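Visitor: My questions will all concern the structure given below.
The values are calculated or read from the model by the stated rules, or taken from the named source; none is laboratory data. The shown structure was predicted, so the numbers you read here are calculated from the model rather than taken from an experiment. So basically every Cβ, Gly included, is an ideal-geometry build from the backbone, and we count neighbours across all protein chains shown.
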Amino acid sequence: MTYSQGITQYNNKDYIKEEEKCCDAPNILRNRNGYDVCSNCGTTISRSITKNSRYFYYTDKARKTKQNERVYSPFGPRTIIKGNQDGKGNYLEPKYLIKYKRLSKINRGLINGLERNLYDALPKILAINEKLNVPPHISQEAFRIYLLAAKKKLALGRSIDGLIAASLLCALRRYQIPKTWQDILNFSQVEENVLLNCYKAITSLVLPDLNIRIKHIPTEKYITKFGIALGLSSKCQKFALDLIEKCKANRMDTSGRNPKGYSAAALYLSASHAGENKTQKETCIISQVSEVTLRARIREIKKYNIELFDN
């Protein structure tokens with residue numbers, strides 16, 4: 001295979017290249033690797049090189065819209081300086097970078113206490129919401145609750161992390177998502193008494209102004225949650241749901257009692273009935289209830305389902 005040098009000509013519009021004749025009937029093919037090859041005689045021409053601009057292969061529309069979006073803070077009119085680039089993606093010189101970082105620091109010092117509070121709280125709410133694996137509207141509702149709590153200055157004398165965890169708990173209870181306060185404690189850096197105190201403050205001082213009423217999570221949702229965690233079959237979970245429905249049809253009084261206890265007892269009885277035996281200790285760990293509560297709820301369910309559990 002022979003190599004020959006081509007004569008390259010350029011104009012302002014497009015790239016034009018005129019090859020030297022390699023044979024009587026040249027048929028030049030342009031390959032993906034950048035070389036031009038004659039399919040008739042097999043001669044490889046010199047590699048194609050263009051001198052067009054970096055945006056040559058972009059359309060006019062893409063060329064106009066190709067720029068980095070300006071980065072703004074989640075609230076307030078301030079612009080965040082990230083890295084060593086400005087809002088348009090241009091690199092800053094060292095002297096300007098030092099200047100703008102200094103201005104950004106001064107600007108952060110001039111904001112009020114409420115904005116500093118929210119600037120610290122919003123990332124924490126999003127982080128806990130992601131760890132809990134719940135829908136995005138929960139974090140929006142939790143931030144709305146926390147915003148009014150911060151405006152009412154409930155953060156004075158209380159932990160910000162505690163108010164964040166309590167706001168998430170209220171948002172979860174409003175939409176009846178089966179997440180317990182123990183689940184929130186596992187992903188937040190607060191203690192149990194701090195969470196409960198902040199929860200009482202929010203339910204009494206914040207939720208009435210937002211017209212939000214806390215709804216109790218039904219037992220059926222806990223049955224699905226705990227059944228999956230225990231590894232029980234769908235048939236076993238269906239039997240546990242039937243037990244609860246029959247108890248309610250027989251007017252079993254569940255007022256003032258934790259629905260987690262009834263769901264754990266129904267799952268324990270249905271697992272024993274279906275041959276998928278689970279120990280009481282294992283059931284209590286998953287459902288986060290004590291063994292005394294579990295045995296008491298088992299007796300109540302058996303009382304209203306005598307024909308199924310007749311000793």
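Visitor: Looking at Ile244, Ile184, which one is crowded, with 19+ Cβ neighbours inside 10 Å and more than 25 Å from Lys151 (Cβ to Cβ)?
Guide: Exactly one of Ile244, Ile184 is crowded, with 19+ Cβ neighbours inside 10 Å and more than 25 Å from Lys151 (Cβ to Cβ), namely Ile244.
Visitor: Looking at this structure, is Ser255 within 36 Å of the chain's Cα centre (by Cα), of a type outside the set (Lys, Arg), modelled with pLDDT under 85 and outside the structural domain of Pro178 (by TED's automatic domain parsing)? Quick ask: steps written out before the conclusion?
Guide: On the way: within 36 Å of the chain's Cα centre (by Cα): yes; of a type outside the set (Lys, Arg): yes; modelled with pLDDT under 85: yes; outside the structural domain of Pro178 (by TED's automatic domain parsing): yes.
Answer is yes for this residue.
Visitor: Looking at segment 238-248, is at least one residue in contact with a Cys (Cβ under 9 Å, 6 or more places away or on another chain) and not assigned by TED's automatic domain parsing to the domain that holds Ile177?
Guide: The answer is no; no qualifying residue exists.
Visitor: OK, next. Please work out if Ala166 is within 15 Å of Asn129 (Cβ to Cβ) and touching an Asp or Glu at 6+ places or on another chain (Cβ under 6 Å).
Guide: Working: within 15 Å of Asn129 (Cβ to Cβ): yes; touching an Asp or Glu at 6+ places or on another chain (Cβ under 6 Å): no.
The answer is no for Ala166.
Visitor: Next question. Look at segment 257-290 and say how many of its residues are on the phi > 0 side of the Ramachandran plot and either in a helix (DSSP H, G or I) or in contact (Cβ under 8 Å) with a residue 12 or more places away in the chain (or both).
Guide: Kept after step one, since they are on the phi > 0 side of the Ramachandran plot, are these residues of segment 257-290: 275, 288.
If we keep only those that are either in a helix (DSSP H, G or I) or in contact (Cβ under 8 Å) with a residue 12 or more places away in the chain (or both) too, we end up with 288.
Adding up the residues that qualify gives 1.
Visitor: Give the residues of segment 109-146 that are β-branched (Val, Ile, Thr) and assigned to a helix (DSSP H, G or I), sorted by residue number.
Guide: Ile125, Ile128, Ile138, Ile145
Visitor: What is the one condition in (1) buried (at least 21 other Cβ atoms within 10 Å of the Cβ); (2) within 28 Å of Ala240 (Cβ to Cβ); (3) within 16 Å of the chain's Cα centre (by Cα) that Phe226 does not satisfy?
Guide: Exception for Phe226: condition (3).
Visitor: Identify all residues within segment 228-250 that are in contact with a Leu (Cβ under 8 Å, 6 or more places away or on another chain) and not in a loop (DSSP other than H, G, I, E, B); write none if there are none.
Guide: If the condition is that a residue be in contact with a Leu (Cβ under 8 Å, 6 or more places away or on another chain) and not in a loop (DSSP other than H, G, I, E, B), then Leu230, Cys236, Gln237, Ala240, Leu243 are the ones that fit.
Visitor: Still on this structure: Can you name every residue in segment 121-151 that is at positive phi and either at pLDDT 90 or above or surrounded by 14 or more Cβ atoms within 10 Å (Cβ to Cβ) (or both)?
Guide: Selection gives nothing.
Visitor: Is it the case that Leu196 is in a loop (DSSP other than H, G, I, E, B), at negative phi, aliphatic (A, V, I, L, M) and surrounded by fewer than 19 Cβ atoms within 10 Å (Cβ to Cβ)?
Guide: Details: in a loop (DSSP other than H, G, I, E, B): no; at negative phi: yes; aliphatic (A, V, I, L, M): yes; surrounded by fewer than 19 Cβ atoms within 10 Å (Cβ to Cβ): yes.
No.
Visitor: It is to be established whether one or more residues within segment 164-172 are out of contact with any Leu (no Cβ under 6 Å at 6 or more places or on another chain), surrounded by fewer than 19 Cβ atoms within 10 Å (Cβ to Cβ) and either modelled with pLDDT of 90 or more or of a type in the set (Ser, Thr, Tyr) (or both).
Guide: Within segment 164-172, not a single residue is out of contact with any Leu (no Cβ under 6 Å at 6 or more places or on another chain), surrounded by fewer than 19 Cβ atoms within 10 Å (Cβ to Cβ) and either modelled with pLDDT of 90 or more or of a type in the set (Ser, Thr, Tyr) (or both).
Okay, residues lined up against (1) in the same structural domain as Gly256 (by TED's automatic domain parsing); (2) in a loop (DSSP other than H, G, I, E, B); (3) small (Gly, Ala, Ser):
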position: Leu156; (1), (2), (3): no, yes, no
position: Leu172; (1), (2), (3): no, no, no
position: Lys179; (1), (2), (3): no, yes, no
position: Phe226; (1), (2), (3): yes, no, no
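Visitor: How many residues are surrounded by 14 or more Cβ atoms within 10 Å (Cβ to Cβ) and either without any contact (Cβ under 8 Å) to a residue 24 or more places away in the chain or in contact with a Ser or Thr (Cβ under 6 Å, 6 or more places away or on another chain) (or both) when one looks only at segment 210-223?
Guide: Within segment 210-223, residues that are surrounded by 14 or more Cβ atoms within 10 Å (Cβ to Cβ) and either without any contact (Cβ under 8 Å) to a residue 24 or more places away in the chain or in contact with a Ser or Thr (Cβ under 6 Å, 6 or more places away or on another chain) (or both) number 3.
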